[in-house]
Structures are given as C-alpha cells and as structure tokens.
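K.L.:
Dropping a structure here in structure tokens format, bear with me for questions.
Derivation of every value follows stated rules applied to the coordinates shown; laboratory data play no part. Being a predicted model, the structure only gives us computed values, none of them experimental. With ideal geometry, Cβ positions are generated from the backbone for all residues, glycine too; neighbour counts draw on all protein chains shown.
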Ligand code: PMP
C-alpha cells in the first residue's frame, strides 16, 4: 500500500472511504439537511467557536477568496503578513479583487513576527484587515497566531486566517484568539477527500460584510447562512465529501481534540528527530516547526528529486518537494489527519535507506 505523506490530500480511513462510496441523495432533501445540522455544530467544536461555520464546496483557495470578497471593498488597505507561498497567495487574492495590499514579507522558513505586525499597524492607521497564515505549508512553519491575533485585536483590525493545513490538527481556539474569518479544507487534517472548504465568520466579520463591496456570487456568506437555515447550500454541494466528513468528525471528536493535537505533536517530533538523526536539519527553528508538515533541508549532496523518486518507486512512500524558491532545497513530509507513529517511523526508515543512493 502506498504511504501518501504529502501535506494534503491525506489518506482517508476505511470508514470514510466507505461513507463516500454511498449512493447519492437529494441535496435539497431531509437526509442532507440532517447531515448539515449534525456536522455544523461538530465543526464549531473543532474550530472552538460559537461563530457561524459554513461548509463551502471548493478547495481551500476558494475559502480564502470567500474570506476576502465577503469582508473587503476595492481600495481597502490590508496588511498581508506572509512567510511563504500560501501567505503570498492570500495577498494576491486580495490584490486581484482591488484591495490595496501592504505586504509584510518574512524570509521563507522564518515565522511572521508579531512585533513587525504591530509596527506596520502603528505606522498606518488606515489598514482595515490583517491576512495571515496559521500554518505555512510551503515552509513547515507554524506562526505564533495567538500573538499575531492579539496584536490585530489591540488595533481593532479584522483578522482573516488561512488555517487550511493546521485547523483540526494544531490547537486554534478561534474565539479565544479573536479570529474573524478562519479557513480550512477537507483534504488536510480532516481525513476526507478534497472538495470542501470550511470557514468560520465572526460578528465583526459580519459587520464588515455589511459594508464590503468586492464582487462575489458563488462565495456569498449571507447566501450560505440563509441556505444553512434550511439545511442546504446555495449550489450543489460535494455530497460525497459531506458523507465522509460526518464520519471523520465523529472519529476526531471520539479521539478528543486535545488527544488529536498531542498525536500530531508526537508524530511531528518523530519526523524531526528522525531527520536530525540522519544528519539533516529542519528548515524552521524548532519552536516554529509545524506539527502537520515537516520541511527538511537537503544537504548539498542530496538530490531531492532522486530522493522522492526512490522513495516512491522502492518504498511506496510519497513525499513532497519544495515550492518556489525552495524547490530542490527541501523536501516535505505531511503528517496530518489519519496518521500513526508507526506510519511515520516507516517513512523515516525508508528515507534513511534511500539517502545514500540519492546523494552524490
Ligand atoms: N493555504 C495553505 C496553508 C495550504 O496548505 C493550501 C494547500 N496546500 C492552500 C492554502 C490552498 O488550498 P487548496 O489547494 O485546497 O486550494
């Protein structure tokens, strides 16, 4: 069997695979409405929020676009704090829809510095919103979101959080940290296939919605809320992925959120220690190293594409390379969702075995 250890899509448990293989049902019928009514409060539990939570059919990027177009108007100033590829994507989305984006960029592999966010907000009182990534999948960095959101709150700014590869796997108490819109996606720590973006929307975000003028049709939060009241979605949802999510959420809640987070932390530790024991180093400083994706630096002698090919061909282990400027310089192990200590030990053993062949 293949060990798919990229940072999403992630493997699905057999119970989820069985659920998604079910026959279709009427998405405007009673049974689907019941599923939506069951899932939504469970999602709120995992988001640790009393805010509205919507399940949108689309990938995580769609959720990011939804966050932007529902809360902002063309010409609004936003601060986009980015430390990698996905932080840059958030900034680009805001820019394309006409926001005046002030980019606060950090070196790839380093976290967003909350003090720099404070300075930027202090320097320009016209900024309306802060865009930030909880877990930067391209560099394996988990930002100090608690401090960053505290700064945004200090200045009373709207805060939009891309938590696509972290929520459900790494603690993110949405209400306690005053996050206004938080986005995640089904193919990450949720143990279900791609197809759904889940977003939470705070009262402050609704106030922003009332004034927001960016064009939107498919991603309209108000429409999502109106339909949710009927147990429906505005357009045809990815019904099968809903079936899977219902099962996966029960599994997550049965395990218990704190246990899910602890399992991710432990497994990430195994990945990091394993890499270090092979003489490799982790891209971010240990304190910021992600519990869902490990970015491991390749030594000068290690050929990343050869490493990935050998792992897949000889061990059935599928890992990810680096993105953008980190292409060829790092490789990434996804350890999120349906993953055990045994899985990650097998992955580390396979890496240790192929490294000599992948090195010059
Ligand atoms: N943000 C982050 C942090 C991600 O990890 C990803 C997916 N790798 C995205 C955004 C984009 O999500 P999607 O591919 O589901 O559109």
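K.L.:
Do you know which of the residues in segment 74-88 that are within 22 Å of residue 111 (Cβ to Cβ) and out of contact with any helix residue (DSSP H, G or I) (no Cβ under 7 Å at 6 or more places or on another chain) is nearest to the ligand (Cβ to nearest atom)?
P.N.:
Step by step, filter segment 74-88, then rank; the result is 86.
Okay, residues lined up against (1) within 18 Å of residue 90 (Cβ to Cβ); (2) surrounded by fewer than 24 Cβ atoms within 10 Å (Cβ to Cβ); (3) free of Cβ contacts under 8 Å to residues at least 24 places away in the same chain; (4) away from the ligand (no atom under 11 Å from the Cβ):
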| residue | (1), (2), (3), (4) |
| --- | --- |
| 136 | yes, no, no, no |
| 143 | yes, no, no, no |
| 148 | yes, no, no, yes |
| 153 | no, yes, no, yes |
| 169 | no, no, no, yes |
| 202 | yes, yes, no, yes |
| 212 | yes, yes, no, yes |
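K.L.:
Which count do you get for residues in segment 314-329 that are crowded, with 20+ Cβ neighbours inside 10 Å and either out of contact with any strand residue (DSSP E or B) (no Cβ under 7 Å at 6 or more places or on another chain) or over 27 Å from residue 260 (Cα atoms) (or both)?
P.N.:
The number of residues fulfilling the criteria is 1.
K.L.:
I'd like to verify a number: residues in segment 171-181 that are within 17 Å of residue 155 (Cα to Cα), away from the ligand (no atom under 16 Å from the Cβ) and either free of Cβ contacts under 8 Å to residues at least 24 places away in the same chain or in contact with a helix residue (DSSP H, G or I) (Cβ under 7 Å, 6 or more places away or on another chain) (or both), how many?
P.N.:
The qualifying residues number 3.
K.L.:
Any idea which residue in segment 108-134 is nearest to residue 330 (Cα to Cα), counting only those that are part of a loop (DSSP other than H, G, I, E, B) and within 16 Å of the ligand (Cβ to nearest atom)?
P.N.:
Within segment 108-134, the match that is nearest to residue 330 (Cα to Cα) is 109.
K.L.:
Does residue 2 count as touching a strand residue (DSSP E or B) at 6+ places or on another chain (Cβ under 9 Å), more than 26 Å from residue 209 (Cβ to Cβ) and away from the ligand (no atom under 16 Å from the Cβ)?
P.N.:
yes
K.L.:
Of the conditions (1) surrounded by 19 or more Cβ atoms within 10 Å (Cβ to Cβ); (2) over 19 Å from the mean Cα position of the chain (by Cα), residue 77 clears all except one; give me its number.
P.N.:
Tallying (1) surrounded by 19 or more Cβ atoms within 10 Å (Cβ to Cβ); (2) over 19 Å from the mean Cα position of the chain (by Cα), residue 77 fails exactly one: (1).
Quick grid of which residues meet (1) surrounded by 16 or more Cβ atoms within 10 Å (Cβ to Cβ); (2) touching a residue at least 12 places away in the same chain (Cβ under 8 Å); (3) within 16 Å of the chain's Cα centre (by Cα); (4) within 16 Å of the ligand (Cβ to nearest atom):
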position: 12; (1), (2), (3), (4): yes, yes, no, yes
position: 37; (1), (2), (3), (4): no, yes, no, no
position: 46; (1), (2), (3), (4): yes, yes, yes, no
position: 61; (1), (2), (3), (4): yes, yes, yes, yes
position: 66; (1), (2), (3), (4): yes, yes, yes, yes
position: 72; (1), (2), (3), (4): yes, yes, no, no
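K.L.:
Of the conditions (1) assigned to a loop (DSSP other than H, G, I, E, B); (2) within 16 Å of the ligand (Cβ to nearest atom), residue 54 satisfies every one except a single condition; which number is it?
P.N.:
So the condition that residue 54 fails would be (1).
K.L.:
Going by the structure shown, is residue 228 crowded, with 19+ Cβ neighbours inside 10 Å, over 20 Å from residue 68 (Cβ atoms) and more than 12 Å from the ligand (Cβ to nearest atom)?
P.N.:
Yes: the conditions hold for residue 228.
K.L.:
Among the numbered conditions (1) more than 30 Å from residue 319 (Cβ to Cβ); (2) within 15 Å of the ligand (Cβ to nearest atom), tell me where residue 163 comes up short.
P.N.:
(1)
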